[in-house]
Amino acid sequence: MDNTNSTTDYDSPWKEALEQYFPQFMALLFPQVSPQIDWQQPHEFLDKELQQVVRDAESGRGYTDKLVKVYTLNHNTLWVLIHIEIQGKADPQFNRRMFRYYYRLVDSYPEQAIASFAVLTNQRQTEKLGHYQQHFWQTELDFRFPTVYLQQWSNKLDELEKNPNPFAIVIMAQLIAHATAKDDLTRKDSKFRLIRMLYQRRYERQDILELFRYIDWMLQLPKVLEEQLYQAIEAMEQEEHMPYVTAIERYAEARGETRGETRGEAQTLRRQIQLKYKEIPDWVTDKINQADKSQLDRWVERILFEDNLENLFKP
């Protein structure tokens, strides 16, 4: 059965999950690096700095990029560039793109220490990725960066299921999304198992709401199967007498948060257009009203560098 949501937006949930659970992300996927960061100090997301340096960043095209300022245990600041390749396999420019982002940051901030990390969600491990090399005569360049292949976890789902780290749920949701792209029934059953885990792990209420939203975002279903899913969740709650918010409340809150975020992004974009282009044509208003949050996010970023209003809305 073909999934009706084959164009699911994975970029937005990854960005939000990174912002919500960045320490947990590093601990799970880069366990050798995480202990060297002083997590007692606040970390900071540097979206503005990344946008200014990587002006041609291909956000919204199957990539997620985040720049995070952290403190090391020896009290130095470190900028961590996270690149996540979400849909499909890494393209031929992957290594070069990683190097380009790195040297642009180094060029703009020469005194700042920078580390690059990559995550590939649907790519089998290969020696071809993780380093960029050039050499001609006696001039050589060798840029290497840690790369995680999520598909390696496909055969270790039992480890993820036992891992209390909340980011394990995000990874499982992404793996299931790829594996069930054309199988709605299996996706529904897998989605139910993930939601059951939220109860079994006894997360705090806010974590349940956040993680449920990521699961719901990544594992979208046709309406009929979605209704069956929530009936099953309600039955499970009644049977287990679980002291959490009900399935319907959780669904309403999650959907309500998304709608609220969409309204906020639309308002920000309208304000930016008025300031930059002086007026908002009717056709622009129609596009904004019909857009989802991920599309609005891309326009909000793109308007910083786009001089032509029509080009702003081109695919």
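The values are calculated or read from the model by the stated rules, or taken from the named source; none is laboratory data. The structure displayed is predicted, hence computed values, not measured ones. For neighbour counting, all protein chains shown are included, and Cβ atoms are generated from backbone atoms with ideal geometry for every residue, glycine included. Surface areas here come from the heavy atoms of the whole protein model, side chains and all, with no ligands, DNA or RNA. Shrake-Rupley method; radii C 1.70, N 1.55, O 1.52, S 1.80 Å.
For the reader, a short list of remarks on this structure follows.
- Residue ID - farthest from Glu16 (Cα to Cα), chosen from residues in region 205-238 that are modelled with pLDDT under 80 and within 24 Å of the chain's Cα centre (by Cα): Arg205
- Scanning region 65-77 for any residue that is in contact with a helix residue (DSSP H, G or I) (Cβ under 9 Å, 6 or more places away or on another chain), at pLDDT below 85, not aliphatic (A, V, I, L, M) and not in a helix (DSSP H, G or I) turns up at least one such residue.
- With respect to being in contact (Cβ under 8 Å) with a residue 12 or more places away in the chain and open to solvent by 30 Å² or more (accessible area, probe 1.4 Å), Leu73 fits the description.
- Take the conditions (1) more than 23 Å from the chain's Cα centre (by Cα); (2) surrounded by 16 or more Cβ atoms within 10 Å (Cβ to Cβ); (3) not charged (D, E, K, R); Val106 misses just one of them, which is (2).
- Residues being in contact (Cβ under 8 Å) with a residue 60 or more places away in the chain and either open to solvent by 10 Å² or more (accessible area, probe 1.4 Å) or in contact with a Lys or Arg (Cβ under 7 Å, 6 or more places away or on another chain) (or both) - total across region 167-212: 6
- Residues in region 213-223 that are outside any helix (DSSP H, G or I) and open to solvent by less than 40 Å² (accessible area, probe 1.4 Å): Leu219, Leu221, Pro222.
- Figure legend. Inter-residue proximity from region 142-160: first residues farther than 18 Å from Asn122 by Cα, second residues open to solvent by 70 Å² or more (accessible area, probe 1.4 Å), beta-carbon distance below 7 Å, spacing 6+ or different chains. Indicated pairs: Asp142/Gln133.
- Scanning region 121-166 for residues that are among the polar types (S, T, N, Q), exposed (fewer than 11 other Cβ atoms within 10 Å of the Cβ) and not in a strand (DSSP E or B) yields Gln138, Asn155.
- Hits in region 34-49 - residues which are outside any loop (DSSP other than H, G, I, E, B) and either modelled with pLDDT under 75 or open to solvent by 20 Å² or more (accessible area, probe 1.4 Å) (or both): Pro35, Gln36, Glu44, Phe45, Asp47, Lys48, Glu49
- Check on Pro281, touching an Asp or Glu at 6+ places or on another chain (Cβ under 7 Å) and either at pLDDT 75 or above or farther than 28 Å from Gln52 by Cβ (or both): no
- Annotation: of all residues in region 1-30 being surrounded by fewer than 16 Cβ atoms within 10 Å (Cβ to Cβ) and of a type in the set (D, E, K, R), the one that is modelled with the lowest pLDDT is Asp2.
- Every condition in (1) in contact with an Asp or Glu (Cβ under 8 Å, 6 or more places away or on another chain); (2) farther than 25 Å from Ser294 by Cα; (3) modelled with pLDDT under 85 is met by His241 except one, and the failing one is (1).
- With respect to the conditions (1) open to solvent by 30 Å² or more (accessible area, probe 1.4 Å); (2) at pLDDT below 90, Val54 lacks only one, and its number is (1).
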